[in-house]
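Q: Got a structure for you, questions after.
The values are calculated or read from the model by the stated rules, or taken from the named source; none is laboratory data. Because the structure is predicted, anything quoted here is derived from the model rather than measured. FYI the Cβ positions are ideal-geometry reconstructions off the backbone, even for glycines, and counts take in every protein chain you see. SASA here: full protein model, heavy atoms, side chains in, ligands and nucleic acids out. Shrake-Rupley method; radii C 1.70, N 1.55, O 1.52, S 1.80 Å.
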Amino acid sequence: MKNQKVLTGITGLVIGAIAVLLVVLGNPANMGFCIACFIRDTAGALKLHTAGVVQYVRPEVIGLVLGSTILAVAKKEFQAKAGSNPLLRFVLGFFVMVGALMFLGCPLRMMLRIGGGDLNAIVGLVGFVAGIGLGIVCLNKGFSLGRAYKVQPLEGAAFPVIQVVLLVLLVAVPSLLAFSAEGPGSMKAPIAAALCAGLVVGALCQRTRFCTVAGIRDTVMFKDTTLLIGFVAVIVACVVGNLIVGKFNLGFEGQPVAHNDAVWNFLGMVLVGLGSALLGGCPLRQLILTGEGNVDSAVTVLGLTVGAAFCHNFGLASSAKGATANGKIAVIVGLVVVAVIAVCNICYNKKKAEAK
């Protein structure tokens with residue numbers, strides 16, 4: 001256990017350091033790694049939405065999945081499995097993305113923003129913890145999406161193979177993709193550096209089971225702080241790294257790709273925390289699980305992708321100017337839908353248990 005805590009801490013430090021390095025190499029400020037933003041950019045590159053400022057196939061995402069796959073295969077932990085309420089996972093993934101694009105970042109970017117001095121992200125952190133807290137209540141009441149079952153290896157390998165295809169398109173036939181000429185989508189580290197960063201982080205996260213949600217959940221439910229150490233280590237590495245490169249900016253105003261509407265930063269991350277807790281892992285963890293052959297997590301990532309496209313096609317995503325009216329409605333709808341899913345699931349599982 002002690003060795004696992006040390007390795008998890010090292011993983012967090014490496015993630016934070018790599019995130020700062022990627023910003024230095026060209027990624028948007030406080031966005032060295034953002035699963036929500038990078039999935040959104042990739043959806044734009046595939047022309048699933050038409051927001052011209054956020055279109056680029058992010059090699060970091062490809063690297064995360066393939067890094068996890070490579071290590072899982074090497075450790076003989078690759079196991080194709082599916083069947084754990086895939087459609088509900090799709091819906092939950094969809095609304096996790098709605099919350100993330102209200103806040104303008106996934107839980108990982110929330111940590112990177114804190115490490116860059118963005119105090120708006122502290123508000124997001126409070127909401128994230130509150131959402132996980134609600135999720136823990138649901139888990140204690142009996143919420144469960146059920147077990148997954150073994151499926152043919154080809155099904156488990158499909159998502160990693162898709163990532164290889166995206167990499168080939170990006171490198172060999174970029175004319176088929178959309179690319180941002182301005183905005184966050186136009187800010188990018190070199191492909192080789194971004195891909196290598198993703199491979200390293202993907203392998204480390206597969207090895208340690210790193211998850212931003214599990215760090216808080218396990219601390220509350222099981223008094224196990226192993227993953228929380230990694231959570232804190234990411235922030236520490238970012239603070240130190242940003243101070244070294246002169247990109248630490250403490251305050252609420254003038255933060256890159258962020259807004260300071262506290263209420264909606266809070267509620268957006270409540271939705272992210274609650275949805276991720278019910279899914280059993282944050283967006284980063286879902287990507288890592290796809291690399292291990294988990295088809296249900298792949299369906300969740302598809303939900304995130306469709307959610308990102310929907311948010312930008314229908315004006316739900318926030319911007320530096322603040323939250324949109326459509327986005328506010330979507331977050332409230334998301335909280336209601338996720339709550340209904342939780343209550344119905346708990347009631348169903350309770351009746352099922354009583355029937356036995």
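Q: Which pairs turn up if I take residues in the stretch 182-211 that are more than 13 Å from residue 38 (Cβ to Cβ) and look for partners that are basic (Lys, Arg) and assigned to a helix (DSSP H, G or I) with beta carbon separation below 7 Å, at least 6 apart in sequence or on another chain?
A: Taking only residues 6 or more apart or on different chains, the pairs are 211/285.
Q: Also: Name the single residue, out of those in the stretch 239-255 being part of a loop (DSSP other than H, G, I, E, B) and of a type outside the set (D, E, K, R), that is least open to solvent (accessible area, probe 1.4 Å).
A: Among them, the one singled out is 255.
Q: Mind checking which pairs have a first residue in the stretch 74-91 that is touching a residue at least 60 places away in the same chain (Cβ under 8 Å) and more than 11 Å from residue 292 (Cα to Cα) and a second that is of a type outside the set (Gly, Ala, Ser) and open to solvent by 50 Å² or more (accessible area, probe 1.4 Å), Cβ under 7 Å, 6 or more apart or different chains?
A: From residues that are touching a residue at least 60 places away in the same chain (Cβ under 8 Å) and more than 11 Å from residue 292 (Cα to Cα), the pairs are 82/149; 82/155; 83/149; 84/147; 90/302.
Q: So if I check each of 137, 98, 164, which one is of a type in the set (Val, Ile, Thr), under 30 Å from residue 21 (Cα atoms), part of a helix (DSSP H, G or I) and open to solvent by 10 Å² or more (accessible area, probe 1.4 Å)?
A: When all the criteria are applied, what remains is 164.
Each row is one residue, and each column tells you yes or no for (1) within 26 Å of residue 59 (Cα to Cα); (2) open to solvent by less than 10 Å² (accessible area, probe 1.4 Å); (3) touching a strand residue (DSSP E or B) at 6+ places or on another chain (Cβ under 8 Å); (4) modelled with pLDDT of 95 or more.
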| residue | (1), (2), (3), (4) |
| --- | --- |
| 228 | no, no, no, yes |
| 266 | no, no, no, yes |
| 271 | no, yes, no, yes |
| 281 | yes, yes, no, yes |
| 303 | yes, yes, no, yes |
| 313 | yes, no, no, yes |
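Q: Follow-up question, since we're still on this one. Yes or no: residue 258 in a helix (DSSP H, G or I), aliphatic (A, V, I, L, M) and touching a residue at least 24 places away in the same chain (Cβ under 8 Å)?
A: no
Q: Quick check on this structure: which one of 80, 72 is modelled with pLDDT of 95 or more, over 27 Å from residue 222 (Cβ atoms) and not charged (D, E, K, R)?
A: None of the others qualify; the one that does is 80.
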